[in-house]
């Protein structure tokens, strides 16, 4: 099963609370939350992985 990464945006000006990234099987293991930007506000610094 491909990896799923749950992410929240902590930027004070952002209205998005969380989103999921669904990787394909060929996504490198080194890819993480720091490689993405928020799809709503465009910021990357405020993203944090949600760990259950």
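The values are calculated or read from the model by the stated rules, or taken from the named source; none is laboratory data. All figures in this text were calculated on a predicted structure; none of them were measured in a lab. Using ideal geometry, Cβ is built from the backbone for each residue, glycine included, and neighbour counts are taken over all protein chains shown.
If only one of 6, 15, 48 is loosely packed, with under 10 Cβ neighbours inside 10 Å and modelled with pLDDT of 90 or more, which one is it?
The unique qualifying residue is 15.
For the range 18-39, which residues satisfy the criterion of being in contact with a strand residue (DSSP E or B) (Cβ under 7 Å, 6 or more places away or on another chain), modelled with pLDDT of 90 or more and not in a strand (DSSP E or B)?
18, 36, 38, 39
Give just the number: which of (1) surrounded by 12 or more Cβ atoms within 10 Å (Cβ to Cβ); (2) within 9 Å of the chain's Cα centre (by Cα) does residue 20 not satisfy?
(1)
Report, by residue number, each residue of the range 40-52 that is free of Cβ contacts under 8 Å to residues at least 40 places away in the same chain and either in contact with a strand residue (DSSP E or B) (Cβ under 6 Å, 6 or more places away or on another chain) or in a strand (DSSP E or B) (or both).
46
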